[in-house]
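Scroll down for the structure; my scribbles are underneath it.
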Amino acid sequence: MVTTRKDKLVKLLTTLLVAALALLFISPLLWMVSTSLKRNSEVFAQPFHWIPEDPSLSNYAEVWFEEGVNMLHAYRNSFIIVFFSVTGSLIIASLAAYAFAKINFKGKNAIFMLFLSSMMIPSQTTLVPRFMLFKTMGLYNSLWAIILPGLFSATAIFMLRQFYMGLPNDLMEAAKIDGAGHFRIFAQIMLPLTKAALISLMILSFISNWNEYLSPLIFITKKELYPVSLTIRWWMLEDASDYAKVMAASASAIVPVVILFASCQKYFVEGIATSGVKG
């Protein structure tokens, strides 16, 4: 196929347009990083300049190592929440999805539809019951009040079920002939084939739990238990006019998400695509 001059021009203009849009979308992020390296008096200086006159990491040093509330403690708390929530969610969701996709039992479809209906209930409507329950159980002002609700995800189960339904049943039948039970089929055959879908869910669950704000706001009042989201809020309330420190805290908060997505981008795209296959 011969590429004409007109085709080359269209391709060039399309590339420039996409690049301009990408720059527009990323500009708030660039402003955040730039502001975090400035003195507070320089943030709204006129004329505006992107590159700091005297770049400094002093804002990062303060938000990370300030006495009391700091990003070091926030990272620790957020990683504890994320680790248990993501690990538990993947284990529970993969087992439940396998059962709904590959095991025939009475009332399976009715139970699955009932389970999916929980996706229509906004999480905000369960805040008061959760608050009363966790306070009765002694979990108020505990990271477990944030972790436990994150262990069960109807969305994760639905996505993995769709992925499992796309896998041929011949694999199961061959394994059964060799004497394998459901647990062995799940662990040695099905689970390795769901690598892309599991990584996609891991990224989505990580981002959701890392950025969780409402639940910590309701269930945690101890400053030493603040996750990243509440720590940024604390810095905003502590000195609302100190934008440089707030931007330093915000820039610090997105680093794990950026690293995770960049390292797993290939699997994420593949997993999202294949999880939508209708069985």
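Values quoted throughout were computed directly from the atomic coordinates according to the rules given, and no laboratory measurement underlies them. Here the structure is a predicted model, which is why all the values come from computation and not from measurement. All Cβ positions, even for glycine, are placed from backbone atoms using ideal geometry, and neighbour counts span all protein chains on display.
Legend: residue pairs Lys245/Lys266; Lys38/Lys223; Lys106/Lys176, Cα-Cα distance threshold 23 Å; pairs beyond threshold, Lys245/Lys266; Lys38/Lys223.
Rounded to the nearest 500 deg cm²/dmol, what is the calculated helix-only ellipticity per residue at 222 nm for the chain, with -39500 (n - 2.57) per DSSP H run of length n ≥ 4?
After summing the helix terms and dividing by the residues of the chain, the value is -22000 deg cm²/dmol.
Sorted ascending by nearby beta carbons within 10 Å, beginning with the fewest, Tyr213, Tyr243 become Tyr213, Tyr243. Using a Förster radius of 35 Å, what is the FRET efficiency between Leu57 and Leu127 based on their Cβ-Cβ separation? Nearest 0.05, please. The formula returns an efficiency of 0.35 here. Among the listed options [x] 13.7; [y] 40.2; [z] 22.6, the one matching mean projected area of the Cα convex hull in nm² as calculated from these coordinates is [z]. Per-residue extension of 0.36 nm, minus the Cα-Cα distance of Met113 and Arg39, leaves a gain of 21.1 nm for this segment. Descending by average beta-carbon neighbour count within 10 Å, the peptides 192-199, 138-145 line up as 192-199, 138-145, the highest first. For the range 57-275, the relative contact order is 36 percent, taking Cα pairs closer than 8 Å that sit 6 or more residues apart in sequence and dividing their mean separation by the residue count. Distance from the Cα centroid of the range 71-104 to that of the range 32-70 is 36 Å (rounded to whole angstrom). Put in line by how crowded their Cβ is, counting other Cβ atoms within 10 Å and starting with the fewest, Glu173, Glu42, Glu212 read Glu173, Glu42, Glu212.
Using the 10 angstrom Cβ neighbour count as an exposure proxy, how do Trp234, Trp50 rank, fewest first?
In order of increasing Cβ crowding within 10 Å: Trp50, Trp234.
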